[in-house]
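The values are calculated or read from the model by the stated rules, or taken from the named source; none is laboratory data. Quantities reported herein were computed from a predicted structural model and do not represent experimental measurements. When we count neighbours, we look across all protein chains shown, and the Cβ atoms used for this are built from the backbone with ideal geometry, even at glycine. Keep in mind that these areas ignore ligands, DNA and RNA; they rest on the heavy atoms of the full protein, side chains included. Shrake-Rupley method; radii C 1.70, N 1.55, O 1.52, S 1.80 Å.
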Amino acid sequence: MQEISVTRSTNLKAKPADESALGFGRLFTDHMFIMDYVEGQGWKDARIVPYEPFAMDPAAMVLHYGQAIFEGMKCYRRADGGLQLFRPTDNLARMTRSAQRMGMPALDEETALEGLKQLIAIEADWVPHRDGTSLYIRPTMISMDVGLGVHASKTYRFFIILSPVGAYYKEGLKPVSIYVEDEYVRAVRGGVGFTKCAGNYAASILAGDIAEKKGFSQVLWLDGVEQKYVEEVGSMNMMFAYGNTIKTPMLNGSILPGITRDSILKLARQLGYETVEGRLDIHEIFEDAKSGKMTEAFGTGTAAVISPVGSLCMKDERVVLGDGGIGTLSQKLYDTLTGIQYGRLEDKNGWILKLS
Ligand code: COI
């Protein structure tokens with residue numbers, strides 16, 4: 001593991017006075033963690049420095065060919081004031097998997113975790129206290145070579161920035177409406193859908209924008225071949241409850257292997273529910289929603305946590321799920337997951353890393 005140098009900011013920002021108005025990803029703390037990679041030398045110069053803009057060459061490869069990957073995780077404040085992370089090593093390991101697919105170097109996960117711990121220790125006062133708030137952590141890796149030839153860069157930068165956040169959706173825990181996207185596709189098998197690369201999110205922006213203008217919170221992506229099977233919502237994986245059974249799309253290479261997805265599947269099984277990972281035909285989902293066979297639908301993600309879905313719309317057809325409130329199962333899973341994350345419930349799975 002590398003030594004990490006620390007340069008403190010002499011110009012600290014005011015902390016947000018109203019924690020009920022944090023929104024998502026709008027404010028950033030006073031410091032960031034950076035390390036750089038040079039082929040033949042590996043990761044080096046691990047440092048915590050004041051948060052400030054990067055100077056980048058306009059020909060830096062990331063700006064042209066998009067070798068950029070990121071992660072999303074959170075630091076939670078317990079009722080006793082202590083701080084903790086949820087499955088951080090799983091996020092860093094996923095970043096290395098994203099890097100491999102994008103022709104980028106494996107992350108120095110040990111130094112990244114140590115850098116994160118030291119960064120949070122410096123920024124501890126930025127972790128909000130209010131129920132449902134947290135300090136969102138955004139580790140990112142970008143290619144830095146200067147030049148326009150399309151090939152793997154020999155230099156990279158990894159950085160971590162921190163943002164105090166509230167709920168991802170303005171609806172909070174109220175059900176969101178989702179538009180089933182039948183024109184554009186997000187990813188195809190063999191592509192990069194399973195990675196957390198910036199391009200996957202760039203590809204989702206147009207459809208998301210169109211859906212938003214029609215009053216929907218997000219789009220639900222269908223598979224890129226037949227446009228028939230449910231994939232994911234860009235910011236979350238999808239789950240559908242049928243009484244005691246929870247169905248979710250299987251990890252087929254084109255959807256993100258969500259850490260929250262995995263946690264919810266494990267917790268659901270521990271709570272006595274059956275889980276099924278398979279190919280879910282959107283037409284059957286609509287039929288099951290209409291007939292009442294499907295009892296609830298919700299999304300899972302680090303930013304979104306558990307977000308109940310109140311209605312699905314495909315072309316001109318709309319199905320309403322539940323009674324406009326959060327369903328019993330969604331609430332139970334939300335309470336269990338956040339109970340563990342905020343230290344209210346015992347962590348039987350070894351997911352929590354206590355920082356203080
Ligand atoms: C996360 O849930 O952490 C993500 O990275 C999703 C992003 C759209 C906010």
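Of the residues making up the range 238-269, those that are over 16 Å from the mean Cα position of the chain (by Cα) and closer than 19 Å to Gly350 by Cβ are Leu265, Lys266, Leu267, Ala268, Arg269.
State yes or no: is Leu63 within 20 Å of Tyr201 (Cβ to Cβ) and open to solvent by 70 Å² or more (accessible area, probe 1.4 Å)? Yes.
Of the residues making up the range 86-102, those that are away from the ligand (no atom under 13 Å from the Cβ) and open to solvent by less than 20 Å² (accessible area, probe 1.4 Å) are Leu92, Thr96, Ala99.
The residue pairs whose first member lies in the range 52-74 and is assigned to a helix (DSSP H, G or I), whose second member is within 16 Å of the ligand (Cβ to nearest atom), and whose beta carbons are closer than 8 Å, counting only pairs six or more residues apart or on different chains, are Val62/Ala68; Val62/Ile142. Confirm whether Gly25 is within 30 Å of Gly339 (Cβ to Cβ) and within 16 Å of the ligand (Cβ to nearest atom). Here the answer is yes, as Gly25 does meet what is asked. When the range 17-51 is filtered for residues that are open to solvent by 40 Å² or more (accessible area, probe 1.4 Å), in a loop (DSSP other than H, G, I, E, B) and not hydrophobic (A, V, I, L, M, F, W, C), the ones remaining, listed by number, are Asp18, Arg26, Glu39, Gly40, Gln41, Tyr51.
Please tell me if Ile255 is aliphatic (A, V, I, L, M), touching a Lys or Arg at 6+ places or on another chain (Cβ under 9 Å) and at negative phi.
Yes: the conditions hold for Ile255.
Scanning the range 237-294 for residues that are among the aromatic types (Phe, Trp, Tyr) and closer than 17 Å to Val320 by Cα gives Phe240, Tyr242, Phe286.
Pairs meeting the criteria (first residue in the range 131-148 and modelled with pLDDT of 95 or more and basic (Lys, Arg), second residue open to solvent by 10 Å² or more (accessible area, probe 1.4 Å) and more than 11 Å from the ligand (Cβ to nearest atom), beta carbons under 7 Å, at least 6 apart or on different chains) are Arg138/Ile161.
Filtered by the rule that a residue be within 16 Å of the ligand (Cβ to nearest atom) and either under 14 Å from Thr195 (Cα atoms) or outside the structural domain of Ala198 (by TED's automatic domain parsing) (or both), the range 232-268 gives Glu232, Gly234, Ser235, Met236, Asn237, Ile255, Leu256, Pro257, Gly258, Ile259.
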